[in-house]
Amino acid sequence: MAQHSLSIPLKNRPWDRLFIAFFALNFLFICPIVDMEQLTVLDPTRMEENGYPAWPPAPLIDLVHWYGFTFDPALIARPPWWQATIWIDMFFFWPFYGFAIYAFWKGRNWIRLGAIVWASVMLTNVTIIMYEEVFGPYASPHLWNVVAANLAWIVMPILTLWRMGKSVYPFSGEVGVPPA
């Protein structure tokens, strides 16, 4: 039976830096700014009436609204299914990103199952969102801009599934296995 050795240092896992950067983007910007805006601004079409919430900062809210009004009508419409994906981001994905940053940085194998679950759910959510962007009542008039903006949330979960699926011990070599 194979045993796992100590973690391979991050300097010897250069591709894991891409995962850390992606998880950090989500942990530091997407969840606390983009997602939080969608929870604190219930109707972006009535900002003048309702004013800005205490968080996120007004210029970042304006940036999210500019993107939505310019490219992504679903982001502005915020139908219930869309809001459900935002709650999943906030309650499940945001904490995961913090753990994932640590685990990928330090090479902790315990993140493997959580990363597989995250990647699977993220791919499901993004597939539903992209289906709306193409065929739904809030279809984007600028589809390629929306695809480009969402591409990382398609590619990174696929890469995560590949990365975590290669071994039960993704951050350490297996020892005690006779060479093939």
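The values are calculated or read from the model by the stated rules, or taken from the named source; none is laboratory data. Values in this document were obtained by computation on a predicted structure and should not be read as measured data. All Cβ positions, even for glycine, are placed from backbone atoms using ideal geometry, and neighbour counts span all protein chains on display. We work out accessible area using only protein heavy atoms, side chains counted, and drop any ligands, DNA or RNA first. Shrake-Rupley method; radii C 1.70, N 1.55, O 1.52, S 1.80 Å.
Some points to look at:
- Carbon plus sulfur fraction of accessible area for the chain, probe 1.4 Å, in percent: 70
- Kyte-Doolittle mean at least -0.5 and Cα axial length at least 30 Å: DSSP H helices in the chain: 111-135
- Looking at the stretch 40-140, the chymotrypsin sites (Phe, Trp or Tyr not before Pro) that sit in a DSSP loop and have at most 10 other Cβ atoms within 10 Å of their own Cβ are Trp110.
- By the helix-only formula, in which each DSSP H run with n ≥ 4 contributes -39500 (n - 2.57) and the sum is divided by residues, the chain has a 222 nm mean residue ellipticity of -18000 deg cm²/dmol.
- A simple charge model with +1 on the Cβ of Lys and Arg, -1 on the Cβ of Asp and Glu and nothing else charged puts the dipole of the chain at about 1040 debye relative to its Cα centre.
- Rolling a 1.4 Å probe across the protein heavy atoms gives the stretch 110-164 an accessible surface of 54 Å² per residue.
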